[in-house]
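Before any comments, here is the structure.
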Amino acid sequence: GLGAQRVAESKKDVLLGGLLLPGFDEQSCASRYQSVYYRKNMTRSPTPYLIKRLREQEALQRRCGPGTDQYRRASERLRSGQKDVETVDGCSYLVLLSYRGLGNRVLATVSAFLYAVLTSRVLLVDRGKTMGDLFCEPFPGTTWLLPLDFPLQGYKDLGEEAAESYGNVTLRGETGPASAHRFVYMHLDHAASKADRLVYCDDHRQFLHRVQWVVMRSDGYNAPGFFLNPAYQEELHKMFPRKDSVFYVLSRYLLHPTNDVWGMVTRFYDAYLKNADERLGIQVRVFDYDDVHFQHILDQILACTSQERLLPGVVATSTGARLPMPAARSKAVLMTGLNSWYHDSIREMYWRSASASGELVSVHQPSHEEHQSFGQSTHDMKALTEMYLLSMTDKIVTSGWSTFGYVGTALGGLTPYIMMKPENQTMPDTPCKKAMSMEPCAQGPPYFDCTRKEDTDAGNLVPHVRACEDMSWGLKLT
Ligand code: GDP
């Protein structure tokens, strides 16, 4: 009965088996405490070893983070250009510059967090224009936002040509025992040069550990590359005995939407999705021209949902009206996209005709922003809201190549049906494929093996890192 259900509900493990720490202020970040009531039970649990490493990271963030004497000394050394020897106070830092769309930035953030844990660095994220409006502080008693008075001049403009880039530092051979660096810049753009990408093979203990400040620029998911580095394999295996859920577990720890975003998520979910018997997410991302609609993409969505039996077909009702069955199953379709035409077309289809299965299909799309915008809080908050709503569906269809879709999928622990990216504005022969795992695809991964540093098919080096379904040169964990 209802009483028993309430008891069961109140017993929900909001701290996710020790993944999260108690003691945060519930009011200031409701999603930390409420998401367990909206999201499915975790399909992969964190290992005790991972939990131990997270507690160590929290302690490090608190001991060395902004506001501490350690941070003041470290930023003074960076400002004055004093190159150092041993990192005093045992505090070293990873500053993340994430960029491009929100999907890219979320993937970069989770990757940087993993790298920070692997190399025992304090993670500080550059907030850009919107980061502070999107996510709560993940670590207790400190901030992960890079202070606005961060003293490195021009750090936001660091690029591949910088003298401090990992590629240039290693090409100059400045990696010996005596080499000193004020900071090193890791350029992990999806199109980075091989010299810069070789940081995936660095074992950190060689010289990077002596560099107190590392600035990382990333626009995507870097984790699969770390799994190819022999120096990290053992540690990563201890943290993640299952490799198919790295983003999923880390994101449940790290990412908690702010109250404003969470309000948008829960109001939409409660109003349109909660009471359905089943929820299907369809994420539509059109790369050609984002404000034009294309018939071949609508055809592809319908071919995919029909092939995979995700949506029922429709029947002509003129041959005899069917009464809806009293206990008809309801299916709520959550669509996301910049354009509303796909949503309007599918909704109209189920309005004008009856579904062949007798199911009642409702179709909902929270927003249609028409164009991608940069640095605008409301726009980014809508995007994040929709990623979370996608993650709360039961099954999901995503657009290949889209980091937006990768995040919606992996946040929810869902294995998606990925629609292959159309070429020449025609529907691909295979409209969609069931993915190997829930993990995001790394779109700019290493393409060499770390022992010989020779180019190779990196999707064949270890069993749990494979070529992505939607991008042959991408790599994903499985
Ligand atoms: P990708 O370009 O598909 O890899 O995904 P990104 O998230 O990195 O960049 C696309 C950006 O366009 C998003 O961050 C949003 O700003 C916008 N965008 C694309 N699709 C949608 C959508 O379905 N809903 C909303 N609200 N914004 C979208």
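The values are calculated or read from the model by the stated rules, or taken from the named source; none is laboratory data. These numbers come from a predicted model, not from an experiment. Ideal geometry is used to build each Cβ from the backbone, glycine not excepted, and the neighbour counts take in all protein chains shown.
Among the residues of the range 284-301, are any within 27 Å of residue 106 (Cα to Cα) and in contact with a Gly (Cβ under 7 Å, 6 or more places away or on another chain)?
Yes - at least one qualifying residue is present in the range 284-301.
Looking at 121, 77, 100, which is the one that is in contact (Cβ under 8 Å) with a residue 24 or more places away in the chain and within 16 Å of the ligand (Cβ to nearest atom)?
None of the others qualify; the one that does is 100.
Based on this model, can you work out whether residue 327 counts as modelled with pLDDT of 80 or more and of a type outside the set (D, E, K, R)?
no
Kindly evaluate residue 71 against the criterion of being touching a Lys or Arg at 6+ places or on another chain (Cβ under 9 Å), surrounded by 18 or more Cβ atoms within 10 Å (Cβ to Cβ) and not polar (S, T, N, Q). Full working, then the answer.
Values: touching a Lys or Arg at 6+ places or on another chain (Cβ under 9 Å): no; surrounded by 18 or more Cβ atoms within 10 Å (Cβ to Cβ): yes; not polar (S, T, N, Q): yes.
Taking the combined requirement at face value, the residue does not satisfy it.
Any idea which of 86, 56 is surrounded by fewer than 16 Cβ atoms within 10 Å (Cβ to Cβ) and at pLDDT 95 or above?
56
Taking the range 450-467 on its own, how many of its residues are within 21 Å of residue 237 (Cβ to Cβ) and without any contact (Cβ under 8 Å) to a residue 24 or more places away in the chain?
Result for the range 450-467: 3.
Within the range 124-132, is even one residue within 16 Å of the ligand (Cβ to nearest atom) and over 18 Å from the mean Cα position of the chain (by Cα)?
For the range 124-132, residues within 16 Å of the ligand (Cβ to nearest atom) and over 18 Å from the mean Cα position of the chain (by Cα): present.
Being crowded, with 16+ Cβ neighbours inside 10 Å and in a loop (DSSP other than H, G, I, E, B) is the filter here, so list the residues in the range 194-223 that pass it.
Answer for the range 194-223, where residues must be crowded, with 16+ Cβ neighbours inside 10 Å and in a loop (DSSP other than H, G, I, E, B): 202, 204, 207, 211, 212, 219, 220, 221, 222.
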